[in-house]
1. Filter the range 268-303 down to residues that are modelled with pLDDT under 90 and out of contact with any helix residue (DSSP H, G or I) (no Cβ under 9 Å at 6 or more places or on another chain) and give me whichever is surrounded by the most Cβ atoms within 10 Å (Cβ to Cβ).
2. Can you tell me which of (1) at pLDDT 95 or above; (2) within 30 Å of Tyr14 (Cβ to Cβ); (3) of a type outside the set (Ser, Thr, Tyr) is the one Leu160 doesn't meet?
3. From (1) out of contact with any Ser or Thr (no Cβ under 8 Å at 6 or more places or on another chain); (2) charged (D, E, K, R); (3) touching a residue at least 40 places away in the same chain (Cβ under 8 Å), pick out the condition that doesn't hold for Asp230.
4. If I ask for residues that are more than 21 Å from the chain's Cα centre (by Cα), among the polar types (S, T, N, Q) and buried (at least 19 other Cβ atoms within 10 Å of the Cβ), which ones from the range 115-152 would you list?
5. Out of all the residues in the range 54-76, is one or more without any contact (Cβ under 8 Å) to a residue 60 or more places away in the chain, more than 15 Å from Gly146 (Cα to Cα), crowded, with 19+ Cβ neighbours inside 10 Å and basic (Lys, Arg)?
6. Go through the range 215-256 and count every residue that is touching a strand residue (DSSP E or B) at 6+ places or on another chain (Cβ under 9 Å), surrounded by 14 or more Cβ atoms within 10 Å (Cβ to Cβ), modelled with pLDDT of 90 or more and of a type in the set (D, E, K, R).
7. I'd like the full set of residues that are touching a residue at least 40 places away in the same chain (Cβ under 8 Å) and over 28 Å from the mean Cα position of the chain (by Cα), limited to the range 84-93.
8. Conditions: (1) at pLDDT 90 or above; (2) under 18 Å from the mean Cα position of the chain (by Cα). Ser265 meets all but one. Number of the miss?
Amino acid sequence: MPLILETNGLTKLYGGRAAVNQVSLHVKEGDIYGFIGKNGAGKTTFMRLVTGLARPDKGSMTLFGGQDFSRSRRRIGSMIEYPSLYPNMTARQNLEAHRLLLGIPEKGSVDEALKTVRLAETGNKKVKHFSLGMRQRLGIAQCLLGHPDFLILDEPINGLDPTGIKEIRDLLLTLNGEKGITILLSSHILGELAKIATCYGIINQGVLVDEFSKDELQTRCRRCLRIQVDDVKKAAQVLESILKTDQFDVLPDQTIRLFGYLEDSGMVNTTLVQNGVTVRTIAPAGQDLEGYFMQRMGGYGNA
């Protein structure tokens, strides 16, 4: 798939401190990209750089394969931090005002956006009487007025109750699956993000510490026996010929991850040793998704 967004060493300094530090990130067409980090990690600043609300101090970026940002940013819908809404107006009036502000000629885009986010029946109800979930959906409706190919959403489910979270989740899946919109979104609610994201980027103290697909995440979190030996090649032969399994892989540090025999580590250890392999360590490994994310983000403090 072609890249919708690619950054190379993108950096933003505030008072000499790098809020975004050498970030090289890749969002492919069709992705729902989960952007994860603690408060103050640099998520919002990065999104502001991409949308043109802030200027980078270093690095480069391409959108839709080019650097004509005045053109390509018209293909982006974004909601950074909180949606800008007029509390004494209705949903329709808010969208109409936003349409005129953006210079969008199609009046029908308001009705289409309201229908998409399921706010078409709110009538004369003013936004100040909307639930937080309804306001978030209205903010997304604003993003949809220009028929974007790429949505950038900053914490769209933050503070919502379970019903509101499900409504936003279902909406994003519809926008991605039925309308083909690529989505970059940040969220602290890792369990919910894992239900919809197709790939992830983890940012910590302004640095992109990891970037991986949903399939890679499942593999990384899969329960296994982690085995360090003196001879990886011989150990692999023993696993295949004696234990009759190919359910293992070898990491770059020459550690074996065995995805079977989780309750039989003693037998695995004995089999390897009896066949001439010195086992340095053997221990269960793997964790749940939240545990993995928090470990990569530097622990649970200030999350």
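The values are calculated or read from the model by the stated rules, or taken from the named source; none is laboratory data. Every value quoted in this text rests on a predicted model; they were computed, and no experiment measured them. Ideal geometry is used to build each Cβ from the backbone, glycine not excepted, and the neighbour counts take in all protein chains shown.
1. Initial filter on the range 268-303 (modelled with pLDDT under 90): 284-303.
Narrowing the set further to residues that are out of contact with any helix residue (DSSP H, G or I) (no Cβ under 9 Å at 6 or more places or on another chain) leaves 285, 295-299, 301-302.
Values: Ala285: 15, Gln295: 12, Arg296: 18, Met297: 22, Gly298: 16, Gly299: 11, Gly301: 8, Asn302: 10.
By that ranking, first place goes to Met297.
2. For Leu160, the failing item is (1).
3. If we test Asp230 against (1) out of contact with any Ser or Thr (no Cβ under 8 Å at 6 or more places or on another chain); (2) charged (D, E, K, R); (3) touching a residue at least 40 places away in the same chain (Cβ under 8 Å), just (1) comes out false.
4. Gln142
5. No, there is no match, as no residue in the range 54-76 is without any contact (Cβ under 8 Å) to a residue 60 or more places away in the chain, more than 15 Å from Gly146 (Cα to Cα), crowded, with 19+ Cβ neighbours inside 10 Å and basic (Lys, Arg).
6. 1
7. Answer for the range 84-93, where residues must be touching a residue at least 40 places away in the same chain (Cβ under 8 Å) and over 28 Å from the mean Cα position of the chain (by Cα): Tyr86, Pro87, Asn88, Ala91.
8. Single failed check for Ser265: (2).
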